[in-house]
Every structure is written in structure tokens, then in C-alpha cells.
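Trainee: Input: one structure, supplied below.
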Amino acid sequence: MARKVMVRYKVKADRAEENAAYIQRVFEELAQTQPEGLRYACFRQNDGVSFVHIALIDTANNPLAETAAFKAFQAEIKDRCEELPVAVALEEVGSYRCFGS
């Protein structure tokens, strides 16, 4: 069974586009490397500075954490944040076509 994790945080207004650019580079690397055992999405809330990441991980190790772009994204995340990242494990109650195989 996949581990499901949600991470939410808020960046400083003047760092929001920089944060989004880091995230875009993560998705570019994932598109190139196509790691197995990972489903991943990121959303920006309407306020423009709040971000939510959702990862479904089907492997013992998190393939996302092993990518160079994700390491770069995490390197200075604390400096970019107004509210630090909070990670929570999710237990699926139900879904409809949300996390297809």
C-alpha cells in the first residue's frame, strides 16, 4: 500500500515565483527520469503564496528525495517560508479517479 503524504507551507510574497520555479524544475526532472513508485502533485492556493504538495510513494525509499532538483528546492526552503512546511501522513477514505494506477 502506498504511503500518502501532504506537505503544506506558505512562502514570503516576494519569494513565491522563485518557489514555483524550483517546483517546476522538480517536475521537469521527474518527466526526464520517470522514477518508479512515485505519484506527485503540487498546488498553489489562490492566495498565491500557500503551497500544498501531495506524494504517493509505493517504494521503501522516496524517489523524490533522491532527485537533484528536489534537493535544490529543499536547500533554502526555510529562508523562502513565512510558515514552515508541515508534513502529514494521509489515510485515504475514498477517491474517484484521483490517484489512478
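Trainee: Examine the range 25-32 for a residue that is more than 15 Å from Ala2 (Cβ to Cβ), surrounded by 11 or more Cβ atoms within 10 Å (Cβ to Cβ) and in contact with a Cys (Cβ under 9 Å, 6 or more places away or on another chain), and state whether such a residue exists.
Mentor: yes
Trainee: Just checking, does the range 33-49 include any residue being of a type outside the set (Val, Ile, Thr) and in contact with an Asp or Glu (Cβ under 6 Å, 6 or more places away or on another chain)?
Mentor: Yes, the conditions are met somewhere in the range 33-49.
Trainee: Turning to a different aspect of this structure: Of the conditions (1) over 12 Å from Asn19 (Cβ atoms); (2) out of contact with any helix residue (DSSP H, G or I) (no Cβ under 8 Å at 6 or more places or on another chain), Glu29 clears all except one; give me its number.
Mentor: (2)
Trainee: Filter the range 28-37 for residues that are in contact (Cβ under 8 Å) with a residue 12 or more places away in the chain and assigned to a helix (DSSP H, G or I); which is farthest from Ala65 (Cα to Cα)?
Mentor: Across the range 28-37, the extreme among qualifying residues is Glu28.
Trainee: Of the residues Arg8, Arg25, which single one is under 25 Å from Gly94 (Cβ atoms) and basic (Lys, Arg)?
Mentor: Arg8
Trainee: Here is a further query. Name the single residue that is nearest to Glu83 (Cα to Cα) among those in the range 1-26 being free of Cβ contacts under 8 Å to residues at least 12 places away in the same chain and hydrophobic (A, V, I, L, M, F, W, C).
Mentor: For the range 1-26, the residue satisfying everything is Ala21.
Trainee: Related question: Which is surrounded by 17 or more Cβ atoms within 10 Å (Cβ to Cβ) and part of a helix (DSSP H, G or I), of Ala21, Ala16?
Mentor: Ala16
Trainee: Another question about this same structure. For the range 83-91, indicate whether the set of residues that are over 15 Å from the mean Cα position of the chain (by Cα) and at pLDDT below 95 is non-empty.
Mentor: Yes, because at least one residue in the range 83-91 is over 15 Å from the mean Cα position of the chain (by Cα) and at pLDDT below 95.
Trainee: Filter the range 53-83 down to the residues that are over 15 Å from Lys12 (Cα atoms) and in a strand (DSSP E or B) and list them by number.
Mentor: His53, Ile54, Ala55, Leu56, Ile57 - these are the residues of the range 53-83 that are over 15 Å from Lys12 (Cα atoms) and in a strand (DSSP E or B).
The values are calculated or read from the model by the stated rules, or taken from the named source; none is laboratory data. From a predicted model like this one, the values you see are computed outputs, not experimental measurements. Cβ: placed from backbone, ideal geometry, glycine included. Neighbour counts: every protein chain shown.
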